[in-house]
Amino acid sequence: MPTLQHKVSINRSVTDVFKFVSDFSNNSKWQPSSVSMERSGQLRLGEMIVGKRRLMGRMAFVNADVVDYSPNQTIAYTGVMGGYPFRSTLKFNHATGGVELTEIIDVRIPWMYFWARPFVLSALNGQIQKSLESLKTYMEAHRDRA
């Protein structure tokens with residue numbers, strides 16, 4: 001299972017960043033590929049997350065369950081995005097002057113799609129990097145919002 005990982009340092013408190021990121025209705029504000037993401041209730045273990053994202057120019061439906069949740073530390077969910085099983089983990093670590101956010105995505109691409117693997121991984125890698133840069137910009141520009 002290929003693993004993609006990116007980090008970003010944000011000059012905001014862990015609490016502010018965690019609160020903003022854990023509200024999936026905010027995803028379209030910092031994830032350019034996100035069309036919509038919703039959860040069926042309060043974020044907690046076992047909670048279902050559904051939504052739509054653009055992946056390689058196509059609409060991909062997301063259906064996942066929260067498998068790890070520690071306030072101000074970790075959010076992890078696993079499910080299917082556009083037919084590809086995946087696990088996404090967001091880790092929030094205290095850093096000097098703010099928070100260091102790490103996003104790790106593990107994605108399984110079936111062997112029969114070996115020809116598409118480099119394209120899918122490249123697209124996801126670019127999306128993660130852009131999303132985290134966008135989150136940093138948004139959170140640092142909107143200090144009045146959490």
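The values are calculated or read from the model by the stated rules, or taken from the named source; none is laboratory data. For clarity, every value in this text was computed on a predicted model and none was experimentally measured. Cβ atoms come from the backbone with ideal geometry, glycine included; neighbour counts cover every protein chain shown.
Some observations on this one:
- Qualifying residue in segment 18-39 (condition: more than 18 Å from LYS130 (Cα to Cα), surrounded by 15 or more Cβ atoms within 10 Å (Cβ to Cβ) and free of Cβ contacts under 8 Å to residues at least 40 places away in the same chain): yes
- Residue check for ARG87: under 28 Å from GLY46 (Cα atoms) and modelled with pLDDT of 90 or more: yes
- Residue within segment 16-30 that is at pLDDT 85 or above, acidic (Asp, Glu) and not in a loop (DSSP other than H, G, I, E, B) present: yes
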